[in-house]
Amino acid sequence: MNPQPLLDGIPRRRSALTMALARAVHQLLDEPTLLQDTHAFDILGSNLARQTLVDPYVHNAPMLRTMRAAVVARTRLVEDRVFRAIGTGVSQVVILGAGLDTLFFRIPDNVRCVELDQAQTQQWKLDRLKESGISVPSNVVFVAADLAEAPLMELLGNHGIDPKLPTIFSCLGVLPYLETSVVSAIIRQVSLYSSQSEIVFDARISREFLSPVEQWMEDMAARSFAAAGEPWLSAFDPAQLMEMLLCNGFCDVECMDAEAINARYFMRRRDGLQAVDGGLRLFTATVG
């Protein structure tokens, strides 16, 4: 997957920017907030942050609300898993395809955090942070890499991640843009890390497993992202994907649909914020 060129200071990584906007707008429009992200606007850059603060409602159409719910829920799920693991002594966090994620700000300084993404996206992010006068914490490393080609264990080892120690991997909004063979390779590589390592990721579900409404939603989103230069390249039978994880030595495998996400994160909200199934599922798995 080739890096996309920059346009007016913003990378043509619509997915990364869309997710960052969802997390920022959540701070303004949703009550209570599921995710406390004090750097949500810093990561957007001053112009986009200003526009969003002036009129966040442009990002509040019904489909954008449901997408925002899914984005903040998956981000919260990662944070819950990360901080639970850190509480048990885990000291390594890896964010694959980090985009404009801000989790690294909330990682304690005694925990090693490595972010991987394409070079231009990483540079855009660093430029926005510099513009906001924010330094990257000393325990965090940004690494430019193409996940379709990167030998994870070697690459991460060169940046201080010891495969013999439990490691938490976050891989959100990434796998749909990778070929099935690449997704399988990433799962295999993560499975080689120490027992009690974990991964949280989302993946697209094959069309035949979707309801007509989900198929319609997926078609709209797929056309939109493809037109922006980010076509979706993989989809899975959820049962087969869970079996793949189990066959690679993972245990405690969980697949969450919108009903499960809403039950965990969006019950009895006055604002009615809810996720809906749109062809994506959230997975968590632990190396046995």
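A compact table of results
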{"item": "Rg over Rh, two decimals, the chain (C-alpha only, Kirkwood Rh)", "result": "0.93"}
{"item": "Estimated dipole of the stretch 180-288 in Debye, rounded to 20 [Cβ of Lys and Arg +1, of Asp and Glu -1, Cα centre]", "result": "240 debye"}
{"item": "ASP277, ASP252 arranged by Cβ crowding within 10 Å, fewest neighbours leading", "result": "ASP252, ASP277"}
{"item": "Placed amide H near THR102: partners under 5 Å, 5+ positions off or other chain", "result": "none"}
{"item": "Length-normalised contact order of the chain in % [C-alpha pairs under 8 Å, at least 6 apart]", "result": "21 percent"}
{"item": "Listed residues MET153, THR180, LEU233: farthest to the positive end of the dipole of the stretch 74-287 (Cβ charges)", "result": "MET153"}
{"item": "Relative contact order, percent, the stretch 1-145 [alpha-carbon distance under 8 Å, six or more residues apart]", "result": "27 percent"}
{"item": "The stretch 160-177 - phi-based ³J(HN,Hα) in whole Hz, Karplus 6.51/-1.76/1.60, Gly and Pro as x", "result": "x, 9, 8, x, 7, 10, x, 9, 9, 10, 10, 9, 9, x, 10, 4, x, 8"}
{"item": "Those GluC sites (Glu not before Pro) in the stretch 36-131 that DSSP places in a loop and that have at most 11 other beta carbons within 10 Å", "result": "none"}
{"item": "Sites excluded, trypsin sites (Lys or Arg not before Pro) in DSSP loops with at most 13 other C-beta within 10 Å, longest stretch of the chain", "result": "1-163"}
{"item": "The stretch 74-287, dipole about Cα centre (Lys/Arg Cβ +1, Asp/Glu Cβ -1), debye to the nearest 20", "result": "640 debye"}
{"item": "³J(HN,Hα) computed for each position of the stretch 136-143 - Karplus, 6.51 cos²θ - 1.76 cosθ + 1.60, integer Hz, glycine/proline x", "result": "6, x, 5, 8, 10, 10, 9, 10"}
{"item": "Three-way shape call for the stretch 1-139 based on the alpha-carbon gyration tensor, with the a/c threshold at 1.5", "result": "oblate"}
{"item": "Hz values of 3J(HN,Hα) by residue in the stretch 39-44 - Karplus curve (6.51, -1.76, 1.60), Gly and Pro given as x", "result": "10, 4, 8, 4, 6, 7"}
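Since every read-out is calculated from the coordinates, none of them should be taken as a lab result. The shown structure was predicted, so the numbers you read here are calculated from the model rather than taken from an experiment. Quick reminder, even Gly has a Cβ in these numbers, built from the backbone with ideal geometry, and neighbours come from all protein chains shown.
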